[in-house]
């Protein structure tokens, strides 16, 4: 059934206006995403997180017979009601949009592949490397430099330890001591493995890492 609908917060009376070719499916999509805290509309999601499921209602406000005027009717309600939760004030948001198979494949490949292609990395490298780095162009006064230096020294005086510099101990799977390392980073570089994997084992999130047991030095 083609409809214009609203999702309204009963506490504040604020609402979201949308349109759907299948209102049952659309309602299910909205509340599934809201319950799992992954709704693309952050305004609506934040309100849902604050007030809870029971404070929201999905209501059909108009049944539209002609699919061709569905977005026009949605726009009319947006203009008249000025719904607070509508981030986009133009009817036809991307939520619920049916993408072509070609577009879906491009998105899938992009998500699985390299996040930043070589051409982008090259531009970024030139923009941020060497003399082009933002710290090179920013002039710090002697007063600012001294203040940053004193703040840094104070951190270590008060007992601050850089997470990457904490010593760890390496054991066999049978819990036989092998070696002491200055940091997870040092061990990971030696074994050419993931620093995060070793760190997770140190924090007891995993049983082993790289076929060893890693522990924080007492």
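The values are calculated or read from the model by the stated rules, or taken from the named source; none is laboratory data. Note that the structure is predicted; figures quoted are calculated from it, not measured. Cβ: placed from backbone, ideal geometry, glycine included. Neighbour counts: every protein chain shown.
Looking at residue 16, is it at pLDDT 90 or above, out of contact with any helix residue (DSSP H, G or I) (no Cβ under 7 Å at 6 or more places or on another chain) and surrounded by 13 or more Cβ atoms within 10 Å (Cβ to Cβ)? Answer is no for this residue.
On inspection, residue 52 fails the criterion of being modelled with pLDDT under 90 and at positive phi.
Of the residues in region 20-31, at least one is in a strand (DSSP E or B) and either out of contact with any helix residue (DSSP H, G or I) (no Cβ under 6 Å at 6 or more places or on another chain) or touching a residue at least 40 places away in the same chain (Cβ under 8 Å) (or both).
Figure legend. Inter-residue proximity from region 72-90: first residues under 12 Å from residue 8 (Cβ atoms), second residues in a loop (DSSP other than H, G, I, E, B), beta-carbon distance below 7 Å, spacing 6+ or different chains. Indicated pairs: 84/14; 85/14; 85/41. Screening residue 77 on (1) more than 22 Å from the chain's Cα centre (by Cα); (2) surrounded by 19 or more Cβ atoms within 10 Å (Cβ to Cβ); (3) outside any helix (DSSP H, G or I) shows it passes everything except condition (3). Listed by position, the strands (runs of 3 or more DSSP E) enclosed by region 105-218 that each have at least 2 residues that are surrounded by 13 or more Cβ atoms within 10 Å (Cβ to Cβ) and at pLDDT 65 or above are 168-171, 213-216.
Within region 57-74, does at least one residue satisfy the condition of being surrounded by 11 or more Cβ atoms within 10 Å (Cβ to Cβ), in contact with a strand residue (DSSP E or B) (Cβ under 7 Å, 6 or more places away or on another chain) and farther than 15 Å from residue 20 by Cβ? Within region 57-74, one or more residues are surrounded by 11 or more Cβ atoms within 10 Å (Cβ to Cβ), in contact with a strand residue (DSSP E or B) (Cβ under 7 Å, 6 or more places away or on another chain) and farther than 15 Å from residue 20 by Cβ.
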